[in-house]
Each structure stands twice: as structure tokens, then as C-alpha cells.
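Just below is one structure, and these are the notes that go with it.
We did not get these values from a lab; they are worked out from the coordinates using the rules stated. Since the structure is predicted, the reported quantities are computational estimates derived from the model, not experimental observations. Note: ideal-geometry Cβ built from the backbone for every residue, glycine included; neighbour counts use all protein chains shown.
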Amino acid sequence: MSGLVVLDRDGTLIEERPYLADPAGVILLPNAAEGLRALSERGFRLAVATNQSGVGRGYFGLEAVERVNRRLCELLARENVTLDEFYICPHHPDEGCGCRKPGTGLLERASLAADASPAESFVVGDKECDIEMGRRAGATTFLVRSGWGRHTEQQGQVRPSYVAADLLEAARVILAQQEVGQPRVPAP
Ligand SMILES: [Mg+2]
Ligand SMILES: [Zn+2]
């Protein structure tokens, strides 16, 4: 069993753009690919958990979200990085679904697929809802200062386990924890 890292998409992996539906608007954040690669090389499973209420609001369809996700995967493939899964909440905030962050539905699905417990997983994001999702599930949480991260930090409403400049810094902390917490098993 390997560890699980659940990543927010907008503002964490790619530049934050409200209601992004155009694949041409997908721009990887600096250090994001490097951080993902470091985690993946050490056996972490990488899942994206993203709120896409633009679907529920009728701004665009789920296929637009999927096109954006495919573009993200294309850009990452050039950097030799593969994301394992995408978990999407397409609902309107008023629908009261269990998957819209800070609800824990997406994290629970990712954990189930990874055979990992939510409490042992790591959550990385730039907004209060990301941190709150992880906190509710007992995960280790990272607020990154990209996207809305600085704003979120300044608001002071959240208590992430760690604040990191970007995904690469978060990855380094996760890998250091793994080193301390688990015996290293040599690769086969
Ligand atoms: Mg975000
Ligand atoms: Zn939902």
C-alpha cells in the first residue's frame, strides 16, 4: 500500500481562473510538475479533487471539465508525470451534495480507490474548503501559497497542518514525513 496525496486542481496545480472551461487556459504552476514527480517516484498515488460548480450552475458541461483535465494531463505528460485519478464535484453549492469540498466525499472516494485511509492521506490546496475537507477526515493538510493561497492564509480562518510556498515544498515535507514515519522498503 502506498500513500495517497489528494490535490486541488485550480490554484494548486494550474493557474487559478474562475470557471475555467477552455483547455487553452490551462497553465501549469511553477514547480507543480516537479512536486508531483517527486511524490510519484516515491510511490504516492496522485488524485485530483476539484469543485466544478460551473457545471451545476449551467456555465459549461462536464465534458468541458474533462477537456481541461485532459489538457492538464497532456502538459504533465511532457514532464513525465501521470495523475492517477480525477474526482469532480459538478454540483451547485445549493444542492447540498456530499462531494463538494469541504465535504469529504471526494477524499473518501479517492481513499477507497487507493486502499488508503483518509486519515493517513495528504491533502494539498489553496482554499479553505480544501483544508477543511482534509481536516474533517483527519488527513494531513497543506495550504499552498499559489492561487488563492496567500489570501486564504491572510484571512486566518484555517489551520492547515503546514503552509507551503508551492506544491514542490509540500511534496518535500510529505516525503520527509514518510522517511521518518515508515521504514523504507527497497524497490523490487
Ligand atoms: Mg483551488
Ligand atoms: Zn458534489
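In table form, for the structure just shown:
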| quantity | calculated |
| --- | --- |
| Spin-label pair residue 172/residue 136, simplified geometry with 7 Å Cα→Cβ offset, distance in nm | 3.3 |
| Cα-Cα P(r), the chain, percent of pairs per 5 Å interval | 1, 8, 18, 22, 23, 16, 8, 3, 1, 0 |
| Per-residue Cβ neighbour rank within 10 angstrom, fewest leading, 28, 36 | 28, 36 |
| Label-point gap, in nm, between residue 41 and residue 92 - each point 7 angstrom along Cα→Cβ | 4.7 |
| Cut-off under 5 Å, modelled amide H: who pairs with residue 147 long-range | 16 |
| Interchain or long-range residues, amide H under 5 Å from residue 89's placed H | 50, 51, 52 |
| Cα-projected label distance for residue 165 with residue 112, points at 7 Å along beta-carbon direction, nm | 3.9 |
| Listed peptides 55-62, 95-102 by packing density, highest first (mean Cβ within 10 Å) | 95-102, 55-62 |
| Cβ-placed point charges (K, R +1; D, E -1), dipole of the stretch 33-168 about Cα centre in debye, nearest 20 | 180 |
| For the chain, cysteines whose Cβ has no other cysteine Cβ within reach (under 4.7 Å) | 73, 97, 129 |
| Residues with amide H under 5 Å from that of residue 45, placed H, sequence gap 5 or more | 3, 4, 5 |
| At R0 = 25 Å, FRET efficiency that the Cβ-Cβ distance of residue 150 and residue 22 yields, to 0.05 | 0.50 |
